[in-house]
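Single-structure report; data block below.
The values are calculated or read from the model by the stated rules, or taken from the named source; none is laboratory data. Remember, it's a predicted structure, so these values are computed and weren't measured experimentally. Glycine also receives a Cβ, built like all others from the backbone with ideal geometry; neighbour counts cover every protein chain displayed. We work out accessible area using only protein heavy atoms, side chains counted, and drop any ligands, DNA or RNA first. Shrake-Rupley method; radii C 1.70, N 1.55, O 1.52, S 1.80 Å.
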Amino acid sequence: MVNIILLGPPGAGKGTQAKRLVDERNMVQLSTGDMLREAKTSGTEMGNRVAEVMARGELVTDEIVIGLIEEKITGPAGGGFIFDGFPRTLKQADALGALLTRTGQTLDAVIEMQVDDAALVARITGRFTCGTCGEVYHEVTKPTKAVGVCDVCGSTDLRKRADDNEDALKQRLMEYYKKTSPLIGYYFAKNQLSSVDGLAEMDTVSDAIASVLDKA
Ligand code: AP5
């Protein structure tokens, strides 16, 4: 069992690789982005506030996301946790460390997915997702086999995210460089950081991640 963080800017491929690890290693994906999108559909005042912040490409408060993660972790599960999009600030990183210690667990690897910013625009603007099962596609690099139908569950509910446009992406990148990229140094100093080339083919990225996990 291994607990890992997938770290990288929007569009680096964190969600794509996390889903593969769930299928191949029975790991448990904890995506704060997915959790917040679920909260958004609740129609509550908090859900509406979260929706506005996300659509602008800004980070939601630490208190909200730490609370979401704390609700999910009471002890070890499956082949280990994949933290996807969490932590995103130093405060969140400290909170995760404390939570894992409190529940008798360790953080086994932090995998930085390195990508070129210019590639992210094409990745983000071409992305669409199945609204039923969450499978992630891309108009060019990973289209559905039949137009408009999810390969995995057959749903025709294929959606684009509200924040997947160039303006929101610029803000998301700014947030990443200001608030999240310091985590690279934080985990390097803790001797937990590994880096993979996120621009490689999806299978090559998966192989690189597998080799980090096999050594963890
Ligand atoms: P979140 O949902 O976490 O989004 P993100 O970090 O911006 O990451 P993305 O989901 O956009 O990208 P990804 O790296 O998962 O890439 P993917 O695999 O889809 O967060 C959204 C918002 O929620 C935030 O802006 C913030 O407001 C809020 N939030 C979330 N967590 C928070 C936190 N902890 N604290 C505060 N606020 C928080 O791939 C992208 C595309 O590229 C896909 O189409 C895919 O098919 C394609 N692709 C992937 N890999 C490859 C490859 N190797 N080659 C070619 N194409 C590829």
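Some values worked out for this structure:
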{"item": "Exposure of MET1 as accessible area (Å², to 10), given a probe of 1.4 Å and all protein chains", "result": "130 Å²"}
{"item": "Built amide H within the under 5 Å cut-off of PHE128, gap 5+", "result": "TYR137, HIS138, GLU139"}
{"item": "In sequence order, calculated HN-Hα J values of region 3-13 (Karplus, 6.51, -1.76, 1.60; Hz; x Gly/Pro)", "result": "10, 9, 10, 9, 10, x, x, x, x, 5, x"}
{"item": "Charge dipole (debye, nearest 20) of region 95-184; +1 at Cβ of Lys and Arg, -1 at Cβ of Asp and Glu", "result": "160 debye"}
{"item": "Cα gyration tensor, the chain - rounded (a/c under 1.5), prolate or oblate", "result": "rounded"}
{"item": "Loop-located GluC sites (Glu not before Pro) in region 150-216 whose Cβ has at most 13 other Cβ within 10 Å (DSSP)", "result": "GLU201"}
{"item": "Solvent-accessible heavy-atom area per residue, rounded to whole Å², over the chain at 1.4 Å", "result": "50 Å²"}
{"item": "Within region 1-19, backbone nitrogen closer than 18 Å to the virtual label 7 Å beyond the Cα of ASP207 toward Cβ", "result": "17"}
{"item": "FRET efficiency estimate (nearest 0.05) - Cβ-Cβ, ASP94 to ARG25, R0 25 angstrom", "result": "0.40"}
{"item": "Candidate aspartates and glutamates - alpha carbon under 14 Å from LYS160, same-chain residues fewer than 8 apart omitted", "result": "ASP34, GLU135, GLU139"}
{"item": "Inter-centroid distance (Cα atoms) of region 153-193 relative to region 1-80, Å", "result": "11 Å"}
{"item": "Long pairs among LYS145/LYS170; LYS14/LYS179; LYS145/LYS215, criterion Cα-Cα beyond 24 Å", "result": "LYS145/LYS170; LYS145/LYS215"}
{"item": "Efficiency of FRET between LYS215 and ASP151 - r from beta-carbon atoms, R0 41 angstrom, step 0.05", "result": "0.80"}
{"item": "Of the DSSP H helices in the chain, those whose Cα atoms cover at least 30 Å axially and whose Kyte score averages 0.5 or more", "result": "none"}
{"item": "Extreme residue, positive dipole direction of region 31-173, given options LEU36, TYR137, THR89 (C-beta unit charges)", "result": "TYR137"}
{"item": "DSSP beta bridges in the chain [antiparallel fraction, %, rounded to 5]", "result": "25 percent"}
{"item": "Cleavage-rule hits (trypsin sites (Lys or Arg not before Pro)) in region 138-216: DSSP loop, at most 10 neighbouring Cβ within 10 angstrom", "result": "LYS145"}
{"item": "Point-charge dipole on Cβ atoms (K/R +1, D/E -1) for the chain, about Cα centre, debye to 20", "result": "200 debye"}
{"item": "Amide H contacts of GLY79 (H built 1.01 Å from N, under 5 Å, at least 5 apart or other chain)", "result": "MET27, VAL28"}
{"item": "DSSP-assigned coil residues among GluC sites (Glu not before Pro) in region 100-163, each with at most 16 further Cβ atoms within 10 Å", "result": "GLU139"}
{"item": "Zone of THR41's modelled label, taken as backbone nitrogen in region 91-133 under 15 Å from a point 7 Å along Cα→Cβ", "result": "129-133"}
